[in-house]
Amino acid sequence: MIFTLDTIQVQNPVDWDNLESTLKRNDELNLLVLDQQGTLTFAGDGYEYIIDKVTNDGFCSYVQLDVFDECEEGDPNQIIKARLYLSDVEIDEFNCEVKCKITDDSFFALINNNKSIKATMSSPLSKNQVTITACPIVKLILKIPPSDSNNIKCYAIRVWEAFRLLTEFYSDGLISFASDSFDNADLWKGLYITSGYKLRNADETGSPALPAFSLAELFKEINNRIPIGIVIENPFTNPVLRIETLEYLYSSPATFEFAYIEKITTRFDTQKIYSKVKFSEENYSSDTAAFPADIVFRGWKEEEFHTLGQCNIDKALDLSCNWLASSNDIETVANGNKDYDNNLFLIDASYVDDNNAENFPTNFLNLSPREYYPNERLTNAAIAARYLGGVPNTIAAFFGNIGDGIFYAYLTTSQSYSNTGNDVYDPAGFDATLTNTGTYYDTALFRFDAPEAGVYNFRCNINIEITAQNTAPVILWQLRIQRFDTGGTLIDSKNAFIKNYTSPIGIDYYSNSIIGSFNIGDGVITNYVLNDGDYITVRLDKSRGGAGDIDYTIKGGNQTFFECYNNTVGGGEFQIYDPNDYPIQIHEFEYKMTLAEFQNILANQRSSYAFYSSPDNIRYGWVSEIKYNHYKGLANVRLITNKSSQANGNPILT
């Protein structure tokens with residue numbers, strides 16, 4: 001081994017044979033990094049150099065440590081690049097020894113220890129006043145909800161640029177940034193950061209700058225919406241901090257195999273078992289706006305779901321966020337609300353070029369008429385879907401029963417009428433139910449009361465038999481689903497039938513006076529956004545268009561019905577996860593390996609690794625931790641696996 005302090009070779013530390021390099025996964029940052037933390041004890045010329053450094057430079061300085069392996073053929077191979085901070089040294093004056101704590105020279109020294117320091121995205125200088133490149137300003141065309149055409153211009157920065165600037169800010173430009181996930185138009189290249197002030201003052205490009213934020217904040221805000229992780233590439237030469245989605249980081253096939261392992265110990269990582277999942281946005285707006293603010297799961301409100309299973313663990317996966325992304329907050333601010341000027345916003349848009357982007361809202365609630373909202377990919381439902389494999393089991397709501405709000409009501413007895421003129425059945429009397437989960441349909445008042453704010457899908461049909469005609473009648477029919485607020489005020493009324501006639505004044509009808517049976521409605525679907533306390537009724541109208549009339553019967557039975565067959569509340573299982581896909585098993589073993597093999601793993605940190613005691617039972621895992629002792633050539637290996645399959649699709653045969 002060759003040890004140098006600030007490039008000056010010194011005698012080996014007294015405890016150099018315990019020197020280890022650790023490739024370790026940090027769950028807080030989903031980080032896989034070569035961790036050089038530990039201690040070395042220097043004597044002789046090493047002791048003298050460090051003592052002189054303390055004397056001349058004081059305790060707020062450091063010594064550069066480089067360690068090279070010269071046992072293998074070729075030039076010495078660097079195995080450690082680290083810093084010895086003088087504030088951490090322990091000096092033994094009697095034995096003339098100094099114990100030094102090792103700190104990795106890339107991530108831990110430059111990034112991790114500074115990650116909570118806030119930076120301004122428009123700053124051209126690093127933490128130590130080194131020139132760096134400020135984030136380019138992008139003009140973002142933004143649609144104001146619920147329209148897909150009413151535009152404003154606001155100014156923003158790309159998330160990729162924010163990660164890049166913070167990396168350079170902390171490292172004085174010594175560490176580069178890379179990310180395929182945030183520089184790929186099919187993934188998250190169009191994810192932008194702006195402020196409430198810039199949303200409200202859409203045409204202003206300059207001051208004030210975005211509120212300052214840190215790498216820790218940015219990582220949390222993105223990771224709580226898009227599971228991401230960090231790897232440090234080329235830690236000894238040209239270090240690169242790479243941030244990618246976990247799907248990207250776990251996608252490479254196996255590049256190394258641990259063969260014929262003598263003893264494998266398997267356990268479960270209980271720190272990754274959650275009993276509930278929490279979503280929220282700080283300062284989530286309850287202002288009146290187009291999007292139903294209290295909708296369950298499909299929006300951005302604060303809510304909590306428990307996970308199914310019997311793991312006996314009380315721990316939450318907290319996916320709460322401080323930055324805003326909700327449609328109502330964007331709409332409220334774009335329309336002039338000043339209360340959010342200092343809040344940061346995330347906008348999911350389409351990248352046009354380095355200076356331009358455009359947001360395309362979607363009708364993701366499937367409303368009719370269509371209503372368009374931004375940031376569909378940042379809703380609680382979308383976040384939950386991306387955490388497949390990150391949650392140990394299916395999540396379900398605490399409130400209500402499975403199927404709350406689902407009902408099927410029908411008319412029990414046929415009702416006959418003769419020459420009655422214009423008839424109004426308001427509400428139409430569906431007086432019995434086959435299904436009524438939560439008893440939200442009232443068979444006495446003939447109405448459905450919404451248990452929660454949400455999107456509801458209704459279907460209704462009335463079967464009518466015309467038994468006789470008087471003169472030459474023209475009979476017009478209407479079937480409507482009506483929404484009332486909690487005070488009984490009619491909010492809106494939607495057709496639940498297929499029209500075949502529109503009157504000169506624009507009113508839709510179904511025209512039918514022919515003897516025989518027909519359906520009005522016939523399963524037509526109507527989507528409704530309801531607030532908590534709203535209620536729904538059905539109205540049937542029969543109108544005479546001339547002098548004649550009919551005899552008719554409204555048929556009882558399951559041909560005449562009103563139902564809610566689907567909604568976004570009380571659905572029980574909101575996001576289904578397979579626990580067999582959850583990487584929670586830890587396999588630990590010792591393995592003799594060469595430095596070249598260890599460095600091959602360092603160069604392929606995204607790979608999976610085959611391991612087996614017998615070739616009949618090959619399994620595949622990812623690195624949780626590998627401690628490599630350079631003197632012994634021995635690694636203590638911990639690999640993560642799931643139950644069903646690995647990144648390369650190979651099953652675990654257990």
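The values are calculated or read from the model by the stated rules, or taken from the named source; none is laboratory data. What you see is a predicted model, and the numbers here were worked out from it, not measured in a lab. For neighbour counting, all protein chains shown are included, and Cβ atoms are generated from backbone atoms with ideal geometry for every residue, glycine included.
Would you tally the residues in the range 500-521 being part of a strand (DSSP E or B), polar (S, T, N, Q) and within 47 Å of the chain's Cα centre (by Cα)? Walk me through how you get there before you give the answer.
Taking the range 500-521 first, the residues part of a strand (DSSP E or B) are 501-502, 508-511, 516-520.
Now drop any that are not polar (S, T, N, Q), which leaves 502, 511, 517, 519.
Then keep just the ones that are within 47 Å of the chain's Cα centre (by Cα); that gives 502, 519.
Of the residues in the range 500-521, 2 are part of a strand (DSSP E or B), polar (S, T, N, Q) and within 47 Å of the chain's Cα centre (by Cα).
Within the range 303-360, which residues are among the basic types (Lys, Arg) and at pLDDT 90 or above?
The one that is among the basic types (Lys, Arg) and at pLDDT 90 or above: 338.
Scanning the range 257-275 for residues that are surrounded by fewer than 18 Cβ atoms within 10 Å (Cβ to Cβ) and closer than 16 Å to residue 316 by Cα yields a count of 4.
Would you please name the residue that is farthest from residue 351 (Cα to Cα), looking only at residues in the range 170-195 that are among the hydrophobic types (A, V, I, L, M, F, W, C) and over 27 Å from the mean Cα position of the chain (by Cα)?
Step by step, filter the range 170-195, then rank; the result is 174.
Of all residue pairs spaced 6 or more apart or on separate chains, those with beta-carbon atoms under 9 Å, a first member in the range 232-243 that is free of Cβ contacts under 8 Å to residues at least 12 places away in the same chain and a second member that is outside any strand (DSSP E or B) and surrounded by fewer than 22 Cβ atoms within 10 Å (Cβ to Cβ) are 234/603.
Taking first residues from the range 158-169 that are closer than 17 Å to residue 344 by Cβ and partners that are in a helix (DSSP H, G or I) and of a type outside the set (A, V, I, L, M, F, W, C), the Cβ contacts under 8 Å between residues at least 6 apart in sequence or on separate chains come to 160/183. Of the listed requirements (1) more than 45 Å from the chain's Cα centre (by Cα); (2) aromatic (Phe, Trp, Tyr); (3) not in a helix (DSSP H, G or I), residue 59 misses just one: (1). Listed by first and then second residue, the pairs linking a residue in the range 483-498 that is surrounded by fewer than 15 Cβ atoms within 10 Å (Cβ to Cβ) to a residue that is of a type in the set (Ser, Thr, Tyr), with Cβ atoms under 9 Å apart and 6 or more places separating them unless they lie on different chains, are 485/535; 486/535; 488/535; 492/528; 498/510.
Residues are listed down the side, and each one gets a yes or a no for (1) within 25 Å of residue 418 (Cβ to Cβ); (2) at pLDDT 90 or above; (3) of a type in the set (Ser, Thr, Tyr):
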{"position": "510", "(1), (2), (3)": "yes, yes, yes"}
{"position": "514", "(1), (2), (3)": "yes, yes, no"}
{"position": "520", "(1), (2), (3)": "yes, yes, no"}
{"position": "523", "(1), (2), (3)": "no, no, no"}
{"position": "531", "(1), (2), (3)": "no, no, no"}
{"position": "556", "(1), (2), (3)": "yes, yes, no"}
{"position": "576", "(1), (2), (3)": "no, no, no"}
{"position": "580", "(1), (2), (3)": "no, no, no"}
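Taking strands (runs of 3 or more DSSP E) as the structural unit, those lying wholly within the range 523-567 and holding at least 2 residues that are in contact with an Asp or Glu (Cβ under 8 Å, 6 or more places away or on another chain) and more than 19 Å from residue 444 (Cβ to Cβ) correspond to 535-544, 549-554.
Do we have residue 85 as of a type in the set (Ser, Thr, Tyr), at pLDDT 95 or above and on the phi < 0 side of the Ramachandran plot here? Taking the combined requirement at face value, the residue does not satisfy it. Among the residues making up the range 178-190, a single one is surrounded by 20 or more Cβ atoms within 10 Å (Cβ to Cβ) and farther than 17 Å from residue 246 by Cα: 190.
The set of residues in the range 583-615 that are in contact with a Lys or Arg (Cβ under 8 Å, 6 or more places away or on another chain) and without any contact (Cβ under 8 Å) to a residue 60 or more places away in the chain is empty. Residues that are under 25 Å from residue 566 (Cα atoms) and modelled with pLDDT under 95 number at least 3 in the following strands (runs of 3 or more DSSP E) confined to the range 374-477: 395-397, 432-436, 454-470. Taking the listed residues 128, 113, 56, 77, the one that is over 30 Å from residue 198 (Cβ atoms) and in contact (Cβ under 8 Å) with a residue 12 or more places away in the chain is 77, with no other qualifying.
Taking the range 140-158 as the search range and keeping residues that are within 15 Å of residue 201 (Cα to Cα) and among the charged types (D, E, K, R), which one is surrounded by the most Cβ atoms within 10 Å (Cβ to Cβ)? Top of the filtered list is 143. In the range 53-72, is there at least one residue being basic (Lys, Arg), surrounded by 18 or more Cβ atoms within 10 Å (Cβ to Cβ) and at pLDDT below 90? No, the range 53-72 contains no residue that is basic (Lys, Arg), surrounded by 18 or more Cβ atoms within 10 Å (Cβ to Cβ) and at pLDDT below 90.
Only residues that are out of contact with any Cys (no Cβ under 8 Å at 6 or more places or on another chain) and assigned to a strand (DSSP E or B) were counted in the range 154-170, giving 3.
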